[in-house]
Amino acid sequence: MTTVIENDQKNDRLEVGTPLLEVKDLHVEFHTRDGVAKAVNGVNYSVAAGETLAVLGESGSGKSVTAQTIMGILDMPPGKVTQGQILYRGKDMLTMSNEERRRIRGRKIAMIFQDALSALNPVLSVGYQLGEMFRVHQGASRKEAKEKAIELMDRVRIPAARERVNDYPHQFSGGMRQRIMIAMALSLQPDLIIADEPTTALDVTVQAQVMDLLAELQAEYNMGLILITHDLGVVADVADKIAVMYAGRIVETAPVHELYANPAHPYTKGLLRSIPRLDQKGQELYAIKGLPPNLLKVPTGCAFNPRCDVATDLCRTEIPALHHVTDKDGKELTGRRSACHLWKETLHG
Ligand SMILES: Nc1ncnc2c1ncn2[C@@H]1O[C@H](COP(=O)(O)OP(=O)(O)OP(=O)(O)O)[C@@H](O)[C@H]1O
Ligand SMILES: [Mg+2]
């Protein structure tokens, strides 16, 4: 049986590979009492229809600020975009008219947050909130909107949707609430979903279920997905490519399996070594020494150098550009870049 929602959603699905979003040389600063924090410092990434980009990095690396800037929900002030472009299907959202921008943000691009409880309205039933989109934008009656809400709840596999449609957010478990958030995002029929730590607040087993659901829906509707996380373990099975962020910059990009098999940046290497592995029980877990820098006092040269085991004098003085990397025969590796002076040794050593 094809449902109404499915029919609607299949109408203008984009072909896999259609470029959706391209962030180009984005710079975002925060003006604080203590100085200027460059939270996003020349970030570039892109995602196409049917593709999942994972954005990975420790706390404070600029993952959420980048996403908030894309969504237009950055607090300005103190935040300020000082440079760059955010192209949605080729058009810069930072310079288009407010009207155009409104049509894209929240409609073509939807966002899922870590904390569903604070994103949902506590005093309205989930059915009401899910149906709102259909009432407001499609002129559906209350009854029709409720049916749509039930369909959406079924779609994200909330058991007994019809009985639960009038329940309130707090009556659902964390995992179920996160499914409701996904349903809410889907109701807009977006081209692109940005999910910022969508499973961080959940138990590990529930995490996997929610992640699988998200990946499944993304593939089914050929959506682009930007998956923000600090947990490399979560993204291995669902992402196509990864951008690793450190102190406001992208330090490595790669197709997901290549990054896992053979990282080209010591930071990525450290992150990979700090994932618990089932086949190495009993081994002490590695932790990268030190902490991410205070953005008001970023080290000179490569921002990672004080924590890096292989840093040289060059690393302490010169900021490494995000280079293309090559295989041992000098052939460029597609989609792979590293911002490390010692990428060759790291990748091939
Ligand atoms: N409203 C704000 N005012 C001042 N500084 C801010 C503000 N929002 C973010 N920042 C700074 O920007 C930097 C990047 O923050 P961001 O939220 O993007 O990190 P993140 O990579 O998403 O980390 P996390 O994994 O903790 O979510 C942080 O150092 C933070 O202090
Ligand atoms: Mg964040």
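Worth pointing out:
- Shape of the range 246-348, Cα gyration tensor, a/c cut at 1.5: oblate
- When +1 charges are put on Lys and Arg Cβ atoms and -1 charges on Asp and Glu Cβ atoms, the dipole computed for the range 7-239 relative to its Cα centre reaches about 740 debye.
- Of all DSSP beta bridges confined to the chain, the antiparallel ones make up roughly 65%.
- In loop segments of the range 304-347 as defined by DSSP, there are no GluC sites (Glu not before Pro) with at most 10 further C-beta atoms inside 10 Å of their C-beta.
- Of 168, 14, 314, farthest towards positive along the dipole that unit charges on Lys, Arg, Asp, Glu beta carbons give the chain: 168
- Calculated FRET efficiency for the pair residue 205/residue 98, C-beta based, R₀ 30 Å, to 0.05: 0.10
- Furthest towards positive pole of dipole, 85, 229, 122, structure part the range 7-239, Cβ charges: 122
- Listed by chain and number, the aspartates and glutamates whose alpha-carbon sits under 13 Å from that of residue 108, ignoring those within fewer than 8 places in the same chain, are 12, 100, 191.
- For the range 233-349, the Cβ-based charge dipole about the Cα centre amounts to some 280 debye (Lys, Arg positive; Asp, Glu negative; other atoms uncharged).
- Members of 63/297; 24/289; 148/241 lying beyond 29 Å, as alpha-carbon distances in this model show: 24/289; 148/241
- Cβ-derived FRET efficiency at R0 30 Å, residue 274 paired with residue 216, nearest 0.05: 0.60
- Point-to-point label distance, residue 314-residue 294, nm (Cα→Cβ direction, 7 Å offset): 3.1
- Alpha-carbon centroids, the range 310-349 and the range 163-214: separation in whole Å: 38
- Using C-alpha pairs below 8 Å separated by at least 6 residues, the relative contact order for the range 246-348 is 35 percent.
- The simple spin-label model puts a point 7 Å past each Cα toward its Cβ; for residue 323 and residue 36 those points are separated by 2.9 nm.
Every number in this text was worked out from the coordinates using simple rules, so none of it is lab data. What you are looking at is a predicted structure, and each value in this text was computed from that prediction instead of being measured. Note that each Cβ is placed from the backbone with ideal geometry, even for glycine, and that neighbours are counted across all protein chains shown.
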